[in-house]
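Please read the structure below before turning to the comments.
The values are calculated or read from the model by the stated rules, or taken from the named source; none is laboratory data. In this text the structure is predicted, and so the values were computed from the model without any measurement. Neighbour counts run over all protein chains shown; Cβ positions are idealised from the backbone, glycine included.
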Amino acid sequence: MLNLVAAIGRAVLSACRTVGTVALFALEGLSHLLRPPFYGRLFLKHLAEIAYFSLPVVALTAIFTGMVLALQSYTGFARFNAEGAVANVVVLSITRELGPVIAALMAAGRIGAAFAAEIGTMRVTDQIDALTTLSTNPMKYLVAPRLIAGVIAMPFLVLVADILGVMGGWLIGTTKLGFSSAGYLKATLDFLEVMDVVSGLVKAAVFGFVITLMGSWCGYTSRGGAQGVGAATTAAVVASSILILALDYIITEMFFAA
Amino acid sequence: MSGAVPKIRLRGLVKAFGEKKVLDGVDLDIHAGRGMVILGGSGSGKSVTIKCILGLIEPDAGLIEVDGRNVLAMNRREREAVNDRIGMLFQNGALFDSLPVWENVCFKLLAQKRITRRAARDKAAEVLAQVGLAASVGDLSPAELSGGMQKRVGLARAIAAEPDIIFFDEPTTGLDPIMGAVIDGLIVDVVKRLGATAVSITHDMASARRIGDDAAMLHKGRIVWTGPAALLGNTGNAMVDQFARGEREGPIQMELRR
């Protein structure tokens, strides 16, 4: 029994230590955004990497999510003769929840993993030590530009996901479910409120920070060659995904709790 | 020479990783303009010693002086100023995969905005020529280079900012004997041309004799001998002579894990 308590205690302490370490890592990364030199070229590179090169996967996911949502909500609402609410449900679900969450999960798989693998490889091949010997702070060079790029790029991706998700619903609504194009779009726009989109964009910025932070941290702290880099990559995706879902709930509470 | 302030002075340097004490009171003087070779078996603490000097690892106790100033008591800015005058050639090159060779070579100059990108290309060609590489190599990626070429590019990167202290971590490891001799020749040439102080760690005796003026033997975390590198093999110290001759029998016994 005592062994069990000790094991739980060790796990809790370890979790607290990890949270503290990540928080300090994040603070140090952010502090470099305020102090020169700034690496604008790297920031633009990471911005393109996140915003532009993630666009196809996010776009495809958003379209199919909107299509499925329209189909499923139509099937459900038909039982209560409420088919007319399909456009409302699609736009609300996409802008508030599915757009930010789906885009962020896709970015976590693509960007979080890539950052962890790249920085992890740099760690195990002494490239991070080399940066220090070349009078370059690794946190400033590797982490800070990624963090700010994530915060700026994700809202853009989510905005695209919102539009394409709604269009996916519109496509199914007009071609399969018998809605008129003008009627579907009017219902969508009438029901949509600014706060629905804003809350999604705030979530996106937070998720962008989390994805780039976890990718950078897992890579930066990786050890032990190829296996360590592999483990760091997996950890980055898993931790980002869990944090995205947990923070999604917390931000939703903050915006919409009665 | 004994009256002059050493370029680098180590006193009582101690570093442990958990239970394992890697450095157990290292005392060493390295004089300006000289080539010091630190010898020792695998795991004897050679790399940890130079990482402590470079500030990549914080020692648990002891003193590290560069030009008579204790670097461990310096603030970050002062420490960075000291590191600005240091170059380092890593064992595996540690070239940045994401950058072409010319940017690797001029990384420090570009990072400190001491040179424009256009001028950096010309500077890289000039430094590459000093290590026997054509200017066209500058456009290649590090992944396209052979092991010997990577060492040369690493050497070019270490000397591009014209440091007055250069560290060489196992400069000939992984190279064939002829290429090893070529790299050693380049090291001797560039160190002499810059008038720099060179600190090399190696267990390649031929290399140690070629690049070293002085030598020190590290064993079980302590310096057990210092003297002229030319004497290696005939020092009168049983440990050093066994190591230099690569003899199985002697005071140094390999610790095998059973």
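Here are the numbers:
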quantity	calculated
Yes/no for B:N83 being within 22 Å of A:P36 (Cα to Cα) and either modelled with pLDDT of 95 or more or of a type in the set (S, T, N, Q) (or both)	yes
Count of residues meeting criterion [farther than 18 Å from B:I86 by Cβ and either in the same structural domain as B:P171 (by TED's automatic domain parsing) or not in a loop (DSSP other than H, G, I, E, B) (or both)] in segment B:104-135	14
Tally, over segment B:123-155, of residues that are over 26 Å from B:E170 (Cβ atoms) and surrounded by 17 or more Cβ atoms within 10 Å (Cβ to Cβ)	2
Any chance B:L99 is among the aliphatic types (A, V, I, L, M), surrounded by fewer than 22 Cβ atoms within 10 Å (Cβ to Cβ) and assigned by TED's automatic domain parsing to the domain that holds B:G148	yes
Some residue of segment B:179-202 being in contact with a His (Cβ under 8 Å, 6 or more places away or on another chain) and either touching a residue at least 40 places away in the same chain (Cβ under 8 Å) or assigned to a helix (DSSP H, G or I) (or both)	yes
Segment B:36-58, residues that are more than 11 Å from every other protein chain (Cβ to nearest Cβ) and polar (S, T, N, Q)	B:S42, B:S44, B:T49
Residue in segment B:166-173 that is polar (S, T, N, Q), closer than 24 Å to A:T136 by Cα and surrounded by fewer than 23 Cβ atoms within 10 Å (Cβ to Cβ) present	no
Looking only at segment B:186-224, and only at residues there that are of a type in the set (D, E) and in contact with a strand residue (DSSP E or B) (Cβ under 7 Å, 6 or more places away or on another chain), the one that is surrounded by the most Cβ atoms within 10 Å (Cβ to Cβ)	B:D214
The listed residue being surrounded by 20 or more Cβ atoms within 10 Å (Cβ to Cβ) and either among the aliphatic types (A, V, I, L, M) or within 14 Å of chain A (Cβ to nearest Cβ) (or both), out of B:A73, B:A120, B:A61	B:A120
Within segment A:30-76, considering residues that are under 30 Å from A:M139 (Cα atoms) and surrounded by 20 or more Cβ atoms within 10 Å (Cβ to Cβ), the one farthest from the other protein chains (Cβ to nearest Cβ)	A:V58
Close pairs from segment B:86-107: first without any contact (Cβ under 8 Å) to a residue 40 or more places away in the chain and more than 8 Å from chain A (Cβ to nearest Cβ), partner of a type in the set (S, T, N, Q) and outside any loop (DSSP other than H, G, I, E, B), Cβ under 9 Å, at least 6 apart	none
Residue that is closer than 15 Å to A:L164 by Cα and modelled with pLDDT of 90 or more, where the choices are A:G99, A:G120, A:G112	A:G99
Helices (runs of 4 or more DSSP H) contained in segment A:159-258 and holding at least 3 residues in contact with a His (Cβ under 6 Å, 6 or more places away or on another chain)	none
Single condition A:A187 does not satisfy, out of (1) crowded, with 18+ Cβ neighbours inside 10 Å; (2) in contact with a Leu (Cβ under 8 Å, 6 or more places away or on another chain); (3) within 27 Å of A:E83 (Cβ to Cβ)	(2)
Inter-residue pairs, beta-carbon under 7 Å, first touching a residue at least 40 places away in the same chain (Cβ under 8 Å) and in segment A:127-142, second surrounded by fewer than 22 Cβ atoms within 10 Å (Cβ to Cβ) and polar (S, T, N, Q), 6+ apart	A:P138/A:T132
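Okay, residues lined up against (1) away from chain B (no Cβ under 14 Å); (2) part of a helix (DSSP H, G or I); (3) surrounded by fewer than 21 Cβ atoms within 10 Å (Cβ to Cβ):
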residue	(1), (2), (3)
A:A87	yes, yes, no
A:S93	yes, yes, yes
A:E97	yes, yes, yes
A:P100	yes, yes, no
A:A117	no, yes, yes
A:M122	no, yes, no
A:T132	no, yes, yes
A:S135	no, no, yes
A:L142	no, yes, no
